[in-house]
Amino acid sequence: MVELPSGDRRAPVARPEVGDDFESPDAAELDELDLSPRTTAVSGRGRRRGVIVLSSLALVAGAAAFVVARGLGEATLYFRNVDEAVAQRSELGDRRFRMQGTVVPGSLRKTAEGVAFSVTFAGVSADVRHRGDPPQMFREGMPVVLEGAWHGDVFRSDRLMVKHSEVYVAKHPERVRGQTDPTDLDSR
């Protein structure tokens with residue numbers, strides 16, 4: 001045994017010294033060694049599994065790309081106020097965009113395909129023909145966002161969104177027991 005400086009006791013290991021002769025393999029032994037790279041045969045089941053995995057990944061990636069493209073398509077609809085939309089009517093052509101304005105009082109009337117009305121913003125008005133039923137909260141004097149395109153001098157809409165406040169006021173607050181005015185902070 002050899003005592004090492006750290007106090008560890010180990011069996012001595014024979015180390016070659018410079019000038020020592022080692023036995024080298026003879027040429028016959030080297031000829032018998034097969035040094036070519038090994039290849040493993042892939043079974044038919046392994047190939048099928050790889051194709052299934054790759055196909056599944058391609059399908060998932062395609063579905064994700066579709067969802068992203070669809071979401072970006074709706075997000076890229078341009079938003080214009082009525083005055084901007086009227087001023088840029090020829091540039092916008094028949095491309096879809098969103099237009100914002102307030103429904104002009106006295107302009108609302110029912111049509112066979114929905115409703116017709118005028119919207120205004122910054123003193124400029126535009127005629128609108130909306131196809132479909134308007135939202136329940138839709139009425140004259142209310143701010144709206146319309147989605148559609150110009151057809152001549154009329155904005156044809158197929159999507160109508162109303163803008164409203166987040167404050168809820170009950171029609172008959174006296175019917176609810178213990179109802180307090182949510183804006184009265186002194187009663188709390």
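The values are calculated or read from the model by the stated rules, or taken from the named source; none is laboratory data. None of the values given here were measured: they were computed from a predicted structure. Note that each Cβ is placed from the backbone with ideal geometry, even for glycine, and that neighbours are counted across all protein chains shown. When the accessible area is computed, the model is the full protein with side chains, heavy atoms only, and any ligands, DNA or RNA have been set aside. Shrake-Rupley method; radii C 1.70, N 1.55, O 1.52, S 1.80 Å.
Of everything in the stretch 101-113 that is in a strand (DSSP E or B) and more than 21 Å from ARG80 (Cβ to Cβ), the residue that is most open to solvent (accessible area, probe 1.4 Å) is LYS110. When GLU91, GLU140 are screened for being surrounded by fewer than 16 Cβ atoms within 10 Å (Cβ to Cβ), assigned to a loop (DSSP other than H, G, I, E, B) and acidic (Asp, Glu), only GLU140 passes. Given the criteria buried (at least 16 other Cβ atoms within 10 Å of the Cβ) and in contact with a Gly (Cβ under 8 Å, 6 or more places away or on another chain), does ALA126 qualify? For ALA126, the condition - buried (at least 16 other Cβ atoms within 10 Å of the Cβ) and in contact with a Gly (Cβ under 8 Å, 6 or more places away or on another chain) - is met. Entry remark, the stretch 143-167: residues being in contact with a Pro (Cβ under 8 Å, 6 or more places away or on another chain), of a type outside the set (D, E, K, R) and open to solvent by 70 Å² or more (accessible area, probe 1.4 Å) number 1 in total.
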